[in-house]
Amino acid sequence: MAKKKTDLHCHILPGIDDGAKNTEVSIGLLREELNQGVTKFVFTPHFDSDRITVAEFDKKRAQSLERLRAEKEFRDMDLEFKLGSEVYYTIGLGEMNLEKLCFEGTDYVLIELPTQARPHGLKRTFGNIVSSGYRPIIAHVERYSYMLSNPTELYELIEMGCLAHVNAEALIKKTKATGMVNYLIRHGLVHFMTSDCHSLRRRPPNLKKGFEVLRSTLGEKYANRFIENADMIYSGGSLDLDYVKKPVKLMGLWI
């Protein structure tokens, strides 16, 4: 029997960001996730401190959830969920109270980095976040060329106390980044996979396919680890990261 999955990064709450535009889309996304064996969710709408305060965001998120709760089909679904957020990186995060942005009932906080260039103050900011008692999760690391070209950047953040995930799409779609994504997974620098779903057409739920590719490419061990890690994070537990390996470059190649 297939193991039940946990999706720790999805934009299913209605009308709050660029994800589900209404409750009909939300229900459709959840229905498809359930069909793919996903039974636990953290709803992670976008948060940008330059655009909205934490208090305003918290209010909007609660209102969005209430719209979803009002749907009978949602109430009848056999699933578990928590509120969270996808926090856009700024150097000010290290000085903020991030409690309401964390995955509900845990100290895990999902952080999205800029894609075009390595952001200023990266290690210092993440160091401050960790020192404040939070456990940062770096969202979809496959999008950051500065980490793919130099995975020691990611390794140092993991050593500091961060975690990282990839979107299923990074495994499903074969791109020039695919080889390095597999490298990061084998070295224990990626800890789970998410759908990051936004809509049924543009960015649909795809964890079932993602795990199929992971199993066929790297093996059952990594698929089981990802499933167990996501479930542990959902519960607020700590991961055993004894399997993390430091990247080494030899004759111009990462080995």
#### Entry: Residue check, A139 small (G, A, S) and either touching a Gly at 6+ places or on another chain (Cβ under 6 Å) or surrounded by 22 or more Cβ atoms within 10 Å (Cβ to Cβ) (or both)
yes
### Task
Just need a number here: residues in the range 35-56 that are open to solvent by 30 Å² or more (accessible area, probe 1.4 Å) and in contact with a Pro (Cβ under 9 Å, 6 or more places away or on another chain).
1
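Check F81, F47 and return the single one that is out of contact with any Asp or Glu (no Cβ under 8 Å at 6 or more places or on another chain), closer than 18 Å to T106 by Cβ and aromatic (F, W, Y). Please lay out each step first, then the result.
Numbers: F47 fails: out of contact with any Asp or Glu (no Cβ under 8 Å at 6 or more places or on another chain).
Going through F81, F47 in turn, the sole match is F81.
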### Query
Based on what the data block shows, is E153 over 23 Å from D196 (Cα atoms) and open to solvent by 10 Å² or more (accessible area, probe 1.4 Å)?
yes
### Query
Filtering the range 201-229 down to residues that are within 17 Å of V42 (Cα to Cα), of a type outside the set (D, E, K, R) and out of contact with any Asp or Glu (no Cβ under 8 Å at 6 or more places or on another chain), which residue is surrounded by the most Cβ atoms within 10 Å (Cβ to Cβ)?
F226
### Query
Can you find even one residue in the range 88-103 that is within 22 Å of R202 (Cβ to Cβ) and not in a loop (DSSP other than H, G, I, E, B)?
yes
### Query
Going by the structure shown, is A20 modelled with pLDDT under 95 and not basic (K, R)?
no
### Query
What pairs can you find where one residue is in the range 154-181 and within 27 Å of T125 (Cβ to Cβ), the other is modelled with pLDDT under 95 and polar (S, T, N, Q), and their Cβ atoms are less than 6 Å apart, with a gap of 6+ or different chains?
none
## Note on the structure
Of the conditions (1) open to solvent by 10 Å² or more (accessible area, probe 1.4 Å); (2) at positive phi; (3) modelled with pLDDT of 95 or more, the single one that G188 does not satisfy is (1)
### Task
State whether one or more residues within the range 132-154 are charged (D, E, K, R), within 17 Å of F103 (Cα to Cα) and out of contact with any Pro (no Cβ under 9 Å at 6 or more places or on another chain).
yes
## Note on the structure
The residue that is surrounded by the most Cβ atoms within 10 Å (Cβ to Cβ), considering only those in the range 6-34 that are among the charged types (D, E, K, R) and under 16 Å from G210 (Cβ atoms), is D7
### Query
Give me the pairs: first residue in the range 227-255 and within 16 Å of M193 (Cβ to Cβ), second residue among the aromatic types (F, W, Y) and open to solvent by less than 20 Å² (accessible area, probe 1.4 Å), beta-carbon distance under 6 Å, and six or more apart or on different chains, which are they?
N229/F192; A230/F192; I233/Y108
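With the structure loaded, tell me whether V87 is crowded, with 20+ Cβ neighbours inside 10 Å, among the hydrophobic types (A, V, I, L, M, F, W, C) and under 19 Å from the mean Cα position of the chain (by Cα) or whether it fails that test. Before the answer, list the steps.
Numbers: crowded, with 20+ Cβ neighbours inside 10 Å: yes; among the hydrophobic types (A, V, I, L, M, F, W, C): yes; under 19 Å from the mean Cα position of the chain (by Cα): yes.
Here the answer is yes, as V87 does meet what is asked.
The values are calculated or read from the model by the stated rules, or taken from the named source; none is laboratory data. Computed from a predicted model, the values in this text were never measured in an experiment. Backbone-built Cβ (ideal geometry, glycine too); neighbour counts: all protein chains shown. SASA here: full protein model, heavy atoms, side chains in, ligands and nucleic acids out. Shrake-Rupley method; radii C 1.70, N 1.55, O 1.52, S 1.80 Å.
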